[in-house]
Ligand code: NI
């Protein structure tokens, strides 16, 4: 039979072991933030990008083959986004303009893709109306829910519908806010986070084209 003192000690020891295990587990678990679930390009640049099959805002089917031979900026968002998406698309358009104003002979062909993460609302006609607000070299891409999901997965883009939106038609989407720069070989070159200026993007593109 154990003495009560020994029992207390065993109990305390078990408690300490449990606490240590908990602390160790917490230390190993990254905090769940949007940027963690979205993309960590620094830790997996090689695996950003890949196959996609989508439809552009002119109704043409587009695959990852469209990246070949050009530098491409890619941004995922949605046309009803109230502020962030249109601001980023304007930035991308401004960066394309800055590059066009530079040495035209040195510039490799450039293009930009806006891939919707809200295919339910962003149909081809909706994007056909939306895209001309920005830049002629900016192509809107949509697809079925499955096609969009596959493209987002390839680019490690997170998106989800805000469930608390009261109106079934006027919902908001939560999504990654990252602009990718892909090279003429179709492979990932760089990414830009929120707050990047058109000048910074243009500088990076110029550098990549050297
Ligand atoms: Ni947005």
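The values are calculated or read from the model by the stated rules, or taken from the named source; none is laboratory data. The shown structure was predicted, so the numbers you read here are calculated from the model rather than taken from an experiment. Backbone-built Cβ (ideal geometry, glycine too); neighbour counts: all protein chains shown.
To keep it simple, each residue is scored yes or no on (1) within 16 Å of the ligand (Cβ to nearest atom); (2) in contact with a strand residue (DSSP E or B) (Cβ under 6 Å, 6 or more places away or on another chain); (3) more than 19 Å from residue 198 (Cα to Cα).
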site: 87; (1), (2), (3): yes, no, no
site: 91; (1), (2), (3): yes, no, no
site: 109; (1), (2), (3): no, no, no
site: 125; (1), (2), (3): no, no, yes
site: 139; (1), (2), (3): no, yes, no
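Listed here are the residues, each with its yes/no results for (1) within 18 Å of residue 75 (Cβ to Cβ); (2) in contact with a helix residue (DSSP H, G or I) (Cβ under 6 Å, 6 or more places away or on another chain); (3) modelled with pLDDT of 95 or more; (4) in a strand (DSSP E or B).
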residue: 153; (1), (2), (3), (4): yes, no, yes, no
residue: 163; (1), (2), (3), (4): no, no, no, no
residue: 168; (1), (2), (3), (4): no, no, no, no
residue: 171; (1), (2), (3), (4): no, no, no, no
residue: 185; (1), (2), (3), (4): no, no, no, no
residue: 195; (1), (2), (3), (4): yes, no, no, no
Test set (1) touching a residue at least 12 places away in the same chain (Cβ under 8 Å); (2) surrounded by 15 or more Cβ atoms within 10 Å (Cβ to Cβ) - residue 174 fails condition number
(2)
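Out of 179, 148, report the one residue that is within 16 Å of the ligand (Cβ to nearest atom), surrounded by 20 or more Cβ atoms within 10 Å (Cβ to Cβ), more than 13 Å from residue 72 (Cα to Cα) and touching a residue at least 24 places away in the same chain (Cβ under 8 Å).
On the way: 179 fails: more than 13 Å from residue 72 (Cα to Cα).
Only one candidate qualifies: 148.
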From the set of residues in the range 59-85 that are over 13 Å from residue 187 (Cβ atoms) and in contact with a helix residue (DSSP H, G or I) (Cβ under 7 Å, 6 or more places away or on another chain), which is nearest to the ligand (Cβ to nearest atom)?
77
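Within the range 199-210, can one find any residue that is assigned to a loop (DSSP other than H, G, I, E, B) and in contact with a strand residue (DSSP E or B) (Cβ under 8 Å, 6 or more places away or on another chain)? Don't jump to the end; show me each part of the working.
Let us first name the residues in the range 199-210 that are assigned to a loop (DSSP other than H, G, I, E, B), namely 210.
Adding the requirement that they be in contact with a strand residue (DSSP E or B) (Cβ under 8 Å, 6 or more places away or on another chain) leaves none.
Looking through the range 199-210, none of the residues is assigned to a loop (DSSP other than H, G, I, E, B) and in contact with a strand residue (DSSP E or B) (Cβ under 8 Å, 6 or more places away or on another chain).
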Only one of (1) out of contact with any strand residue (DSSP E or B) (no Cβ under 7 Å at 6 or more places or on another chain); (2) at pLDDT below 95; (3) within 14 Å of the ligand (Cβ to nearest atom) does not apply to residue 134, and that is (2)
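Checking the structure you have, find out if any residue of the range 68-79 is in a helix (DSSP H, G or I), modelled with pLDDT of 95 or more, at negative phi and touching a strand residue (DSSP E or B) at 6+ places or on another chain (Cβ under 9 Å).
no
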Here are the criteria: (1) modelled with pLDDT of 95 or more; (2) under 18 Å from the mean Cα position of the chain (by Cα); (3) outside any strand (DSSP E or B); (4) closer than 22 Å to residue 194 by Cα. Tell me which single one residue 46 does not satisfy.
(1)
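From the set of residues in the range 151-168 that are more than 21 Å from residue 192 (Cβ to Cβ) and touching a residue at least 12 places away in the same chain (Cβ under 8 Å), which is nearest to the chain's Cα centre (by Cα)?
The first filter runs over the range 151-168 and keeps only residues more than 21 Å from residue 192 (Cβ to Cβ), leaving 160-168.
Filter once more, so that each one left must be touching a residue at least 12 places away in the same chain (Cβ under 8 Å): 160-162.
On the way: 160: 12, 161: 15, 162: 17 Å.
If we take residues in the range 151-168 being more than 21 Å from residue 192 (Cβ to Cβ) and touching a residue at least 12 places away in the same chain (Cβ under 8 Å), then 160 is nearest to the chain's Cα centre (by Cα).
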